[in-house]
Amino acid sequence: MAISVAFWKLSQSIAPENLAKVAAKLMEKGLYPPEGVEILGWYICPGGKGVTITESKTIDPAVAFKSWLVWVQEMTGFFESYEILPAVSAVEAVQMVLAKPKK
């Protein structure tokens, strides 16, 4: 299993209603989230900035690409910016740092 966090900003040049229609269409068709991906959190803030937290059943990097691609194929310019990063829990990160080999 792999956790990913996507940070994004919606296009300011596209009406919010049109962006919402694209989102509704992709979800109704079952295109988002991509197969094998579970949405753990999906949040948007005023101004169009948002974050999506997902869990994938695989560690295949193509899943992250597909998560972005489905949106931009449906509407060019949907996002002003989009960045997706792998993530681990803070507890796991602390354990990894403290488990570093001793010199």
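Values quoted throughout were computed directly from the atomic coordinates according to the rules given, and no laboratory measurement underlies them. Only a predicted model underlies this, so the values are computations on that prediction, with no experimental measurement involved. Using ideal geometry, Cβ is built from the backbone for each residue, glycine included, and neighbour counts are taken over all protein chains shown.
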Candidates 90, 20, 64, ranked by Gaussian network fluctuation over the chain, Cα under 10 Å, top entry
90
Pop a pseudo-label 7 angstrom from the Cα along the beta-carbon direction at both residue 40 and residue 55 and give the gap in nm to one decimal.
0.7 nm
Please report Rg (one decimal) and Dmax (integer) in Å for the Cα set of region 2-98.
14.4, 48
When 70, 37, 88 are arranged by how many other beta-carbons sit within 10 Å of their Cβ, fewest first, they go 88, 70, 37
Straight-line reach from residue 9: which aspartates and glutamates have Cα under 16 Å away, leaving out those fewer than 8 places along the same chain?
17, 80, 83
The simple spin-label model distance between residue 12 and residue 95, using points 7 Å out along Cα→Cβ, in nm, is 4.3 nm
